[in-house]
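Following: one structure in structure tokens, then a few remarks.
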Amino acid sequence: MINTIVQKIKALPPLPSSFQKINKIANDPNGTIAELVKVVEQDPMLTANLLKIANSPLYGFQREIKNIFQAVSLFGMSLTRTLAANISVKNILKTDMEPYGLTPEEFAEISNIQSLLAKRWYSKIDDSKTDILCLTALLQESGKLIIAKEISERGETASFKEEIQNAQDLSEVEKHYINASSAEVTAAIFEHWNFNDIVINSIKYSDYYEAAPKDVKDLSFALKVIKTAVPVNAPLQEKSVKRAIELLEKENMDKNLFLKEIDFFLETVK
């Protein structure tokens, strides 16, 4: 990893106190939705973003969600924490995603699709790991924000963007430019912010899951499958889904469960 990326990570400020409070409540067996709502209400940006997400077609709630109590009640503790983490991270790392050929809104939607795909798919495989996979899937592309900033500052947006748009393996392009993949940069970011080792390592090893520590190998593999099917340069396209299915077949996993969820997103995301 080149030094300028390392320095950008070291310079990141702490995550906001609102997220720290939400995390504490969600980790408390006696924590309540009411306590969570009280914290969220004190953060206007977080409130606005959660309401926007709640009314997204991706979540398919039957009625318009008009207040944060409704949103948090429907999301539940774990998903509210996951979404709050993502909103906090993206707010700190916000940058122009032009090097990846994306608007901030498109990048956010891809992250949301990856996370919801994790939730819908893995709940049918090992529901005990769904929450952590939902979180890591939502956060796993965060390193691209730092990479995009570095590429832009170096004046290499045009060449990087062209290579990314035509790439089958995005990590190889990233390594060529900054000597690290987005997964490695993301892991370094969350190590800086003192996230637990499961989050850090499951993301870190997602490009080469065979080498992952035993306790995160299945998570790293799932993240690899998800970002292969929903890459930032060709989300949910036939060629992307085909490569994801090839991974599942390689590991003798049920591809039909996965394809069923892909069909849901193809119907929902238009």
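Here are a few things to note about the model shown:
- Residue within segment 145-155 that is in contact with a Lys or Arg (Cβ under 9 Å, 6 or more places away or on another chain), under 26 Å from N23 (Cα atoms) and touching a residue at least 24 places away in the same chain (Cβ under 8 Å) present: yes
- Pair list, Cβ < 9 Å and 6+ apart or interchain, from segment 243-267 residues that are closer than 16 Å to W121 by Cα to residues that are part of a helix (DSSP H, G or I) and among the acidic types (D, E): K255/E249
- Matching residues in segment 207-221 - criterion: being in a loop (DSSP other than H, G, I, E, B) and within 21 Å of S128 (Cα to Cα): A212, P213, K214, D215, V216
- If you check K239, K224 for being in a helix (DSSP H, G or I) and under 15 Å from A118 (Cα atoms), only one passes: K224.
- Within segment 214-231, residues that are of a type in the set (S, T, N, Q) reach partners that are in a loop (DSSP other than H, G, I, E, B) with beta carbons closer than 8 Å, at six or more positions or on different chains, in the pairs S220/Y205; S220/S206; S220/A212.
- Enumeration of residues in segment 24-58 that are surrounded by 17 or more Cβ atoms within 10 Å (Cβ to Cβ), more than 27 Å from E106 (Cα to Cα) and among the polar types (S, T, N, Q): none
- So K119, is it crowded, with 16+ Cβ neighbours inside 10 Å and farther than 23 Å from V6 by Cβ: yes
- Residues of segment 149-199 that are outside any helix (DSSP H, G or I) and either surrounded by 13 or more Cβ atoms within 10 Å (Cβ to Cβ) or of a type in the set (S, T, N, Q) (or both): R154, E156, A167, Q168, D169, N179, A180, S181, W193, N194, F195, N196.
- Counting only helices (runs of 4 or more DSSP H) wholly contained in segment 1-58, the ones carrying 3 or more residues that are under 30 Å from E150 (Cβ atoms) and hydrophobic (A, V, I, L, M, F, W, C) occupy 3-10, 44-54.
- Flag for A108 being of a type in the set (G, A, S) and within 24 Å of S202 (Cα to Cα): yes
- Condition met for I65 (crowded, with 16+ Cβ neighbours inside 10 Å and either part of a loop (DSSP other than H, G, I, E, B) or free of Cβ contacts under 8 Å to residues at least 40 places away in the same chain (or both)): yes
Here, each number is a calculation from the coordinates, and none is a lab measurement. Quick caveat, the model's predicted, so the values are computed rather than measured. Every residue, glycine as well, gets a Cβ built from its backbone with ideal geometry; the counts of neighbours run over all protein chains shown.
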